[in-house]
Amino acid sequence: MKKMRRAIGGYVFLAAILLFAISCSSDPRKVLEKAARCMQQGDYPGAEKNFRWLLRQNPDDTHLQANLAFALTAQDKRDKHDEAITIYGKLVSEGEGAYDLFANFAKSLNAVGREDEAITWNYRTLSVFPRLVDVRGDLAKLLVKNGRSYEALALLASFDNELEDRGANPYFKAQRIAISATLPPPSETSTAVLKAVKIAGHYYSIVLGDNDESLPFIIDTGATHTTMSRQALETLRFAIPRNAQYVTLQTAENREITGQQFTLPKLHVGPYILKNVKVVVCENCASLLGQTTLERFDLTTKNADGLEYLSMKLRS
């Protein structure tokens, strides 16, 4: 299993500016080494001081600028965040891009109350590096704070589902329980708009069982059927009726699979309660919301901010 990563400021500065250090005299090299030690030891004011000295020698070095901003963000003070935001904005406008640059930009934006922008930059970070657990967890908290709890739950559950498929323990189980405990009651006539951002090639929604278990479902506009595995069905505490018909489905890879088709009396998708939903259950079916469910919604997609967005609203 690939190792999960945490987005800690300063991942890149040693490798990124090594050539600068080698090309300079021994004095800048020692200052660079000292800046590196300060960052590693959590002495962020010391790192700031040394990066400022280095920038006086080479003011156009974008890697030095980024790492000064990382040191400022890490100090978690309003004036430091304000300066860091200015630096991040300048670097991005000049075409610089890296996951730790985006993640620290989001931290400073959130710290000064610019939450919508912080959400966008956290999503941009995950679009580059989806396995950053601290970014995903922080983003979920921001979404909950901004009334987007179902989106937050889908964000965390999709990651946990991937871990469990690989035989690992879920990482966000406790945070998901906390979010689930505060969800507003679902409704058959909800006018809420459910949002999703494409990460690692998929949009996700969240399906909940009467037992408060939650499972991520891929929103697949190209799929005819809503499908799930037998394990997913059991997790949500549903049962296959005796009169369920056997059907043959063709996957996107042109494989044929056999499953059982029947109608669920109720399916809790995000804030919506859907009645009489046709589903297909098979041994290894992926959890997908296909057209048998999606036809009940108005779907809107757009590309903006370097991200792909989808909005779902229940048809009246």
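The values are calculated or read from the model by the stated rules, or taken from the named source; none is laboratory data. Given the structure is predicted, the values throughout are model-derived calculations rather than measurements. When we count neighbours, we look across all protein chains shown, and the Cβ atoms used for this are built from the backbone with ideal geometry, even at glycine.
For region 89-125, which positions are surrounded by fewer than 17 Cβ atoms within 10 Å (Cβ to Cβ) and small (Gly, Ala, Ser)?
Answer for region 89-125, where residues must be surrounded by fewer than 17 Cβ atoms within 10 Å (Cβ to Cβ) and small (Gly, Ala, Ser): GLY89, SER93, GLY95, GLY97, GLY113.
Which residue is farthest from GLU164 (Cα to Cα), if the candidates are limited to region 245-295 and must be touching a residue at least 40 places away in the same chain (Cβ under 8 Å) and assigned to a loop (DSSP other than H, G, I, E, B)?
Filtering first and then ranking leaves PRO271.
Restrict the check to region 126-143 and report whether at least one residue is touching a Phe, Trp or Tyr at 6+ places or on another chain (Cβ under 6 Å), surrounded by fewer than 16 Cβ atoms within 10 Å (Cβ to Cβ) and not in a helix (DSSP H, G or I).
Yes.
Of all residues in region 150-167, which are closer than 24 Å to LYS313 by Cα and free of Cβ contacts under 8 Å to residues at least 24 places away in the same chain?
LEU156
Output the residue which, of all residues in region 144-167 that are among the charged types (D, E, K, R) and assigned to a helix (DSSP H, G or I), is surrounded by the most Cβ atoms within 10 Å (Cβ to Cβ).
Among residues in region 144-167 that are among the charged types (D, E, K, R) and assigned to a helix (DSSP H, G or I), the one surrounded by the most Cβ atoms within 10 Å (Cβ to Cβ) is GLU151.
Hey, does region 140-149 have a residue that's among the β-branched types (Val, Ile, Thr) and touching a residue at least 40 places away in the same chain (Cβ under 8 Å)?
no
Does TYR203 count as within 19 Å of ASP116 (Cβ to Cβ), in contact (Cβ under 8 Å) with a residue 40 or more places away in the chain and surrounded by 23 or more Cβ atoms within 10 Å (Cβ to Cβ)?
Details: within 19 Å of ASP116 (Cβ to Cβ): no; in contact (Cβ under 8 Å) with a residue 40 or more places away in the chain: yes; surrounded by 23 or more Cβ atoms within 10 Å (Cβ to Cβ): yes.
In short, no.
Out of region 168-181, which residues are farther than 16 Å from GLY137 by Cβ and either free of Cβ contacts under 8 Å to residues at least 60 places away in the same chain or surrounded by 13 or more Cβ atoms within 10 Å (Cβ to Cβ) (or both)? Explain how you work it out, then say what you get.
First, the residues of region 168-181 that are farther than 16 Å from GLY137 by Cβ: 168, 181.
Within region 168-181, ALA181 is the sole residue that qualifies.
For GLY97, all conditions in the list (1) among the small types (Gly, Ala, Ser); (2) outside any helix (DSSP H, G or I); (3) more than 27 Å from the chain's Cα centre (by Cα) hold save one; what is the number of the exception?
For GLY97, the failing item is (3).
Inspect all residues belonging to region 244-264 and state whether any of them is surrounded by 15 or more Cβ atoms within 10 Å (Cβ to Cβ), small (Gly, Ala, Ser) and either farther than 14 Å from THR226 by Cα or not assigned by TED's automatic domain parsing to the domain that holds THR224 (or both). Working first, answer last.
Residues of region 244-264 that are surrounded by 15 or more Cβ atoms within 10 Å (Cβ to Cβ), as a first pass: 244, 249, 257, 259-262, 264.
From what's left, small (Gly, Ala, Ser): 244, 259.
Retained after the next criterion (residues that are either farther than 14 Å from THR226 by Cα or not assigned by TED's automatic domain parsing to the domain that holds THR224 (or both)): 244.
Scanning region 244-264, I find at least one residue that is surrounded by 15 or more Cβ atoms within 10 Å (Cβ to Cβ), small (Gly, Ala, Ser) and either farther than 14 Å from THR226 by Cα or not assigned by TED's automatic domain parsing to the domain that holds THR224 (or both), so the answer is yes.
Please go through region 53-76 and pick out each residue that is surrounded by fewer than 14 Cβ atoms within 10 Å (Cβ to Cβ) and closer than 17 Å to MET39 by Cβ. Walk me through how you get there before you give the answer.
Keep residues of region 53-76 that are surrounded by fewer than 14 Cβ atoms within 10 Å (Cβ to Cβ), which gives 56, 59-60, 76.
Within region 53-76, ASP76 is the sole residue that qualifies.
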